[in-house]
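Participant: Take a look at the following structure, please.
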Amino acid sequence: MRFLTVSGPPSSGKTSVILRVIEALQARQKKIGVVKYDCLMTDDDLLYAKKGVLVKKGLSGSQCPDHFFVSNIEACVGWGRENDCDFLISESAGLCNRCSPHIKDITAVCVIDNLSGINTPRKIGPMLKSADIVVITKGDIVSQAEREVFASRVKQVNPGAVIMNINGITGQGAFELTTLFEDASDIETLKGMKLRFSMPSALCSYCLGETRIGDEYQTGNVRKMEA
Amino acid sequence: MNYHDLLKIPLAQLLAEYPYLEDFFSSFGLQLQAGDQTLQQYFDALDPDKLLDLGLSREQLGKSLHDFLAGMLSLEDSTEKVESLTIIGGYDKSGTAEALEITLRPGQIICIVGPTGSGKSRLLADIEWVAQGDTPTRRRILINGAVPDGKWRFSTEHKLVAQLSQNMNFVMDLTAEEFVRMHAESRLVTDPEEKVTQILKQANQLAGEQFRSDTPVTSLSGGQSRALMIADMAILSRSPIVLIDEIENAGIDRKKALELLVREEKIILMATHDPILALMGDQRLVIKNGGIARIIHSSDTERKNLAKLEELDNTLLALRNRIRSGDTLEVIIQ
Ligand SMILES: Nc1nc2c(ncn2[C@@H]2O[C@H](COP(=O)(O)OP(=O)(O)O)[C@@H](O)[C@H]2O)c(=O)[nH]1
Ligand SMILES: Nc1ncnc2c1ncn2[C@@H]1O[C@H](COP(=O)(O)OP(=O)(O)O)[C@@H](O)[C@H]1O
Ligand SMILES: [Mg+2]
Ligand SMILES: [Mg+2]
Ligand SMILES: [Zn+2]
Ligand SMILES: [Zn+2]
């Protein structure tokens, strides 16, 4: 089973791009499973189900969705295998720019959009900087030169990635992207594999549910700004 | 010069030669200081805690640095010149073979005509992707008569094709000059300032209405944006093939714009229904039902009509200018 992790900022076009890729893969009679991770709510699972692919959704609630992701993804890979999927795709929103779901030796895709501002590529952490494929969406809204400038800013922070412009609505470029999905890592299990980058060591009282403000309530790994 | 040689050069010397290296590090939140230290020494001395805070690992930064330097060095390789582009026919939407082979050469203008949905954009996309029977049309594209190197497909340094697409909007909060400079820098050209001056000057020669270099790109008119994009493409782009997808024609000197691109010895393919542009082309590919149905070579009679069309066009342009200056149109031909 080929497995890929797809992540990116909210509303960057992850679901749209995955849907366009699904259409192209289905045209080649492939069986596809999607695992959708989100924090509070998502309707993306309905969109995937409409395409007739297998869907599983996980809501992390009070946890960082990427921490939640890594605690659950191995079981999901098992689920995909049991169901004889040819492809398993995970979608997770990068809500915290510091965490990233990307796993070593698993094809990692980051979706980012042209409207997010030229400094955004610099601000996103390992989710973008360690991805193998960077998909840039919403190029239909801006001029060619602006697309190039944006892509060059992405290239600067991840010079080794394959960078592709995809239109999440019309699917322009999705065919080409699908050929890269066909080359994605073929796996049996995630056991023994490692994240590409450690997740932040946030273990302070607030992680554990504290709401009160003041020094006396702050325990664990607390860091202070310079005055 | 290879990657390992670069690592041994003192930063002062390295930065003088490759000034954009500084921006590479600053995009990761790191500062590179010109001095006696070599790049390797600088890299080895980076504080692991600081890297962790920046969301970086030494391993990943090392890989990025390697990829960046490799890309930078590959710009110095002279790329193989594109002497010809061959389109080998595939199948239309009904599965009928196109059964043709078309070879295009630098300096030629090829127009692509056909109704909406007929497959004009698909043909342009086949060329951009250097299709090898692996797209819905099953067309194949050859460069200099052979299946080209895979590098054309994904490389940003050696892009085969530059595309000028319908949309001319900007969302970036930059002036025309800042924008062009950022674009020039992103291409890692050695003389960005000179390029910026050239592009702004050229754009103003193409635009119907002049604009200043401190005009925000978001307030350029459609014609001014198109002029800026064409000048930018002609002067900055190294790509030997230019694809133009149904560009609107108002507010720009079309003839000068095409001449500028042709002068740069590019192969130009243009999806258009504009009669003047169509007649400026050497040939027209007529697209029907996803396939190239016919090839029309512009005839001498057609070319003679071009002069008439231009006259009509100038008449309309003069009327437009009169409206702009507050004139009435009770008398159309003065
Ligand atoms: N214009 C345009 N809109 C897009 C494109 N890709 C996605 N969108 C729109 O952007 C919005 C967010 O997309 P979605 O796929 O839900 O993003 P996600 O949150 O990353 O999964 C939706 O309204 C999409 O229709 C694109 O290439 N062009
Ligand atoms: N030969 C072909 N076989 C199968 N599908 C095709 C073929 N040519 C074009 N198409 C598809 O037809 C649709 C319309 O084509 P497009 O290039 O967007 O048309 P146009 O630009 O002329 O409006 C696209 O989805 C395209 O992929
Ligand atoms: Mg989504
Ligand atoms: Mg089109
Ligand atoms: Zn997190
Ligand atoms: Zn905490």
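The values are calculated or read from the model by the stated rules, or taken from the named source; none is laboratory data. Since the model is a prediction, treat every value here as computed from it, not as a measurement. So basically every Cβ, Gly included, is an ideal-geometry build from the backbone, and we count neighbours across all protein chains shown.
Participant: State all residues of the stretch A:87-101 that are within 12 Å of ligand 1 (Cβ to nearest atom), more than 14 Å from chain B (Cβ to nearest Cβ) and in contact with a Ser or Thr (Cβ under 6 Å, 6 or more places away or on another chain); if no residue qualifies, say none.
Facilitator: A:92
Participant: While we're here: Looking at the stretch B:191-236, which of the residues that are among the charged types (D, E, K, R) and touching a Ser or Thr at 6+ places or on another chain (Cβ under 7 Å) is modelled with the highest pLDDT?
Facilitator: In this case the residue turns out to be B:214.
Participant: Find the residue count for the stretch A:189-221, including only residues that are out of contact with any helix residue (DSSP H, G or I) (no Cβ under 7 Å at 6 or more places or on another chain), exposed (fewer than 12 other Cβ atoms within 10 Å of the Cβ), in a loop (DSSP other than H, G, I, E, B) and modelled with pLDDT of 70 or more.
Facilitator: Residues meeting the conditions: 6.
Participant: So, residue B:124, is that one touching a Leu at 6+ places or on another chain (Cβ under 6 Å) and aliphatic (A, V, I, L, M) or not?
Facilitator: yes
Participant: Considering only strands (runs of 3 or more DSSP E) fully contained in the stretch B:236-334, which possess at least 2 residues that are hydroxyl-bearing (Ser, Thr, Tyr)?
Facilitator: Passing ranges: none, list empty.
Participant: Enumerate the pairs (first residue in the stretch B:281-310 and under 18 Å from residue B:254 (Cα atoms); second residue anywhere and of a type in the set (Val, Ile, Thr) and at pLDDT below 90) with beta-carbon separation below 6 Å, excluding pairs fewer than 6 apart on the same chain, so at least 6 apart or on different chains.
Facilitator: Going by the 6 Å Cβ cut-off, the qualifying pairs are B:309/B:276.
Participant: So residue A:146 clears everything in (1) in contact with a His (Cβ under 9 Å, 6 or more places away or on another chain); (2) under 24 Å from residue A:65 (Cα atoms) except one condition, right? Which one?
Facilitator: (2)
Participant: Separate question: Check the stretch B:42-50 and report whether any residue there is under 32 Å from the mean Cα position of the chain (by Cα) and more than 14 Å from every other protein chain (Cβ to nearest Cβ).
Facilitator: Looking through the stretch B:42-50, none of the residues is under 32 Å from the mean Cα position of the chain (by Cα) and more than 14 Å from every other protein chain (Cβ to nearest Cβ).
Participant: Considering only the stretch B:4-46, state which residues are under 17 Å from residue B:58 (Cβ atoms) and either in contact with a Ser or Thr (Cβ under 7 Å, 6 or more places away or on another chain) or in the same structural domain as residue B:182 (by TED's automatic domain parsing) (or both).
Facilitator: Answer for the stretch B:4-46, where residues must be under 17 Å from residue B:58 (Cβ atoms) and either in contact with a Ser or Thr (Cβ under 7 Å, 6 or more places away or on another chain) or in the same structural domain as residue B:182 (by TED's automatic domain parsing) (or both): just B:7.
Participant: Take the residues in the stretch A:1-38 that are touching a Pro at 6+ places or on another chain (Cβ under 7 Å) and hydroxyl-bearing (Ser, Thr, Tyr); name whichever of them is farthest from ligand 4 (Cβ to nearest atom).
Facilitator: Here the residue is A:37.
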